Amino acid sequence: MEIDKQLKEWMEQYYDRLCYVAYTYVRDRSRAEDVVQEAFVNAYLKVRQLKDMDRPYPWLVRIVINQCLNTIRNQKREKLAEHVPEISIASTEDVYMQRSRDKEVYAGIMGLADKFRIPIILYYFEEMSVKEIAYALAIGEGAAKTRLARGRKQLENRLRRGDSDEFGESYSSGKTGLSPR
């Protein structure tokens, strides 16, 4: 059967079930639908990897789950990125407030222990994957994920409490963002 027809048949047959699976991960109906649509695109691109054409559902579920996990990971990055300032043209008052926030975020990151600070910097500022971080630090992927999660939690707590350390005082930059680029 032609791949396009096969994919269309699978969409008709499995779309609702896959949306349900996606919803259990992302907890948002429209996001779940987006995930399933992206998963079908991935399935189309990788259909040759399917070993049992008679039983595509488990393979499609795996693709949906992977897409959900990627979506959740990206949401976490976006959530943390809310604390990282963007470069923009602003009033003097806005610039002052932004620089104050930059100092807080910088102090929060620099106040983390090395084992948490380094993965945070590699992930958010150097845009390395968990796998790349694990390789670079010569640790397992699970350890890299754990360090990122614990580092995020510690940073979030520090920012909520307004903790500061000596690095917060010594930070000075002409830029309004923390990005090292």
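The values are calculated or read from the model by the stated rules, or taken from the named source; none is laboratory data. Given the structure is predicted, the values throughout are model-derived calculations rather than measurements. Remember, those area values only see protein heavy atoms, side chains included, never the ligands or the DNA or RNA. Shrake-Rupley method; radii C 1.70, N 1.55, O 1.52, S 1.80 Å.
Find the accessible area per residue for segment 1-87; the probe is 1.4 Å, ligands and nucleic acids are left out, and the unit is Å².
I get 70 Å² per residue for this part.
Could you give me the radius of gyration and the Dmax of segment 1-83, taking only the C-alpha atoms into account and expressing both in angstrom?
Cα-based Rg and Dmax for segment 1-83 come out at 13.7, 50 Å.
Take the residue pairs Lys51/Lys115; Lys8/Lys76; Lys79/Lys131; Lys51/Lys153 and return only those whose Cα atoms are more than 30 Å apart.
Lys51/Lys115; Lys8/Lys76; Lys51/Lys153
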